[in-house]
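The values are calculated or read from the model by the stated rules, or taken from the named source; none is laboratory data. The shown structure was predicted, so the numbers you read here are calculated from the model rather than taken from an experiment. Cβ sites come from the backbone with ideal geometry, for glycine too, and all protein chains shown count toward neighbours. Surface accessibility is based on the protein's heavy atoms, side chains included, excluding ligands, DNA and RNA. Shrake-Rupley method; radii C 1.70, N 1.55, O 1.52, S 1.80 Å.
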Amino acid sequence: MKKPFFIVDAHQDLAWNMLTFGRDYTNPLEKTRILEKGTYIPEVTGNTMLGWDAYQDGNVGVVFSTLFAEPIRKQEGAWDKLVYRDANEAHKLYRDQVDLYYRWMDKHPDQFRLIRSGVDLREILRLWKKPLPEGAAGRPVGLVLLMEAAEGIRSLDELPEWWEAGLRFIGPAWAGTRYCGGTHEPGPLTRAGQALLECMADIGFGFDISHMDEEAALMALDLYDGVIIASHSNAAALLRGVESNRHLSDRVIHGIVERDGVIGVVPFNNFLLAGWKKGQARRELVHIDRLVAQIDYLCQLAGDSLHVGIGSDFDGIYGVEETPMEFDSIADLQKLAPLLLEKGYSEEDIANIMSGNWLRQLGKVLPEK
Ligand SMILES: [Zn+2]
C-alpha cells in the first residue's frame, strides 16, 4: 500500500468537547460512541469523528486545538455550559482550557503533546516520519493552541502572558465580539480590534480570520502584517443562495492569498451544500466531491496549491451525520488524495494541501525554542 499523506488539521475544539461532553480523546473513537449511545450527547452534537486511534489511522499528526467559549446570548441549551456574560468570565473559561490541555498532555505524553516552538514541531514530525517502534501503539499528536473569539483577552497587556502560556494563533471573532463583526453579527474591525491586531503582530501571533465579517476581514487584511490563516472556512462562491457571512468572499480569499495566507476547508455539510439543514437532510445528498470542489476552487483562484489546507472542525457542534457520505472518522480525510490526483493535482500539490501549507505557516509563527 502507498504511504498515506501526513495531515495537519487546523481546527478542532478539543478542550470544549472535553469540558462540555466529557469526551476523552485518548480513547478509541468507537469507545466514545458506545459510551455516548442513548445519552443526550449525540442528539445535540452528533456522533464523534475523533479518537486517538483515528488520528493514527488517518496519519493526522498535528492539530490546531482551540480555546473556545460562547457569549451567553448564543447559548443553545442547558448542556451548553461554557458561556460567558462578560470579559472576566470569558477570560476564566479560556484560561481553564489552557490549564486543561496542560494537565491532560502531562498525563498522556505518548498520545498528545503541546507544540509551542520549532523544536517541539520538529520532534513531532520526526516521530511521525520514522517507522513505528516495535510494540508502540502509535505516535503523539502535536497540538497548537488557537483562540477562537478573542473575548477572553481582557486587555492588551495580557497578550504576552497568553503567548507565554503557549497560545500561537488568535481569531478575534466567532459571533461578533468587542473587537469585530462576526458570524451573523456583521460589523467592522473596531478600534479595540485594530489595537489588538497591532499588538498581536508585535508579539508574533498568527491571525485567524475565520468567523470575521467581510468588512472586518478586509480591514484586518490591510492592517495585519503578521501571519494570516483562515483556520476553518469555505468559499462563499460555491454556496450561492446561502444567507450567511460565515463563508469567504472572493475578495477576502484574494487578500489572504496575496498575504501568503492559508485557508482550511471544512467538511461540514452545512458549509458544502446550500439548503442543507442540520438534522433534517439526508446524508446521501452530500458527497466528498463537494469538499474536493472547495479545494479546487481555492487553488484555481490562487493559481497554485499553496494556500489551501484542511480545517475540519470535526466535533465542532456537528457529528458524523453532518459530513459527506464517505466520512466516518477523521481518518477518511485520506480519501481526498486519490480524488485530487484524479483531478490532475500532483503528489507535491496534495502534500501541500494535506500538511505542507500549514507547516509553512507554523514555521513562520513558532519561535525556535
Ligand atoms: Zn468555528
Mean Cα-pair separation over length for the chain, i.e. relative contact order, pairs under 8 Å, 6 or more apart, %: 20 percent
Mean Cα-pair separation over length for region 222-338, i.e. relative contact order, pairs under 8 Å, 6 or more apart, %: 30 percent
Dipole magnitude of region 36-167 about its Cα centre, charges +1 at Lys/Arg Cβ and -1 at Asp/Glu Cβ only, in debye to the nearest 20? 360 debye
Region 28-177, Rg to Rh (Cα coordinates; Rh as Kirkwood inverse mean 1/r): 1.00
Based on the Kirkwood radius over alpha-carbon pairs, what value in µm²/s does the Stokes-Einstein equation return for the translational diffusion coefficient of region 288-369 at 10 °C and 1.306 mPa s? 115 µm²/s
Rounded to the nearest 20 Debye, what is the dipole magnitude of region 1-48 about its Cα centre when Lys and Arg each give +1 and Asp and Glu each give -1 at the C-beta? 280 debye
Fraction of alpha-carbon pairs in region 59-125 farther than 16 Å apart, rounded to whole percent, equals 59 percent
Based on the alpha-carbon set only, what is the convex hull volume of region 122-180 divided per residue, in Å³? 111 Å³
Estimated dipole of the chain in Debye, rounded to 20 [Cβ of Lys and Arg +1, of Asp and Glu -1, Cα centre]: 520 debye
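Determine the alpha carbon to alpha carbon distance for each of LYS92/LYS129; LYS31/LYS92; LYS92/LYS335; LYS31/LYS81 and list only those over 29 Å. Write out the running numbers ahead of the final one.
Details: LYS92/LYS129 38 Å; LYS31/LYS92 31 Å; LYS92/LYS335 39 Å; LYS31/LYS81 24 Å.
Cα-Cα > 29 Å for LYS92/LYS129; LYS31/LYS92; LYS92/LYS335; rest within.
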Computed over region 1-113, the convex hull of the Cα set has an average projected area, in nm², of 8.2 nm²
In nm, give the distance between the simple-model label positions of LEU341 and HIS184, each being 7 Å from the Cα along the Cα-to-Cβ direction. 4.2 nm
Taking the Cα centre of each part, how many Å lie between region 205-220 and region 236-289? 16 Å
If you build a Gaussian network model of the chain, linking Cα atoms that sit under 10 Å apart, which residue out of ASP313, ASP86, ASP213 swings the most? ASP86
At what distance in nm do the modelled label points of ARG95 and LYS81 sit from each other, each positioned 7 Å from its Cα along Cα→Cβ? 2.0 nm
Counting heavy atoms of the protein chains only and a 1.4 Å probe, report the per residue accessible area for the chain as a whole number of Å². 40 Å²
When you take every Cα atom in the chain, what is the radius of gyration, and what is Dmax, the widest Cα pair distance, in Å? 18.9, 56
Which whole-number percent gives the relative contact order of region 50-128, counting Cα pairs below 8 Å spaced six or more residues apart? 25 percent
Could you quote the convex hull projected area for region 137-210, Cα atoms only and averaged over all directions, in nm²? 5.9 nm²
Within the chain, what whole-number % of the accessible surface is contributed by carbon and sulfur, with the 1.4 Å probe and all protein chains included in the calculation? 52 percent
What the 10 Å binned alpha carbon P(r) of region 176-324 shows, as percent of pairs per bin from 0, is 12, 41, 34, 13, 1
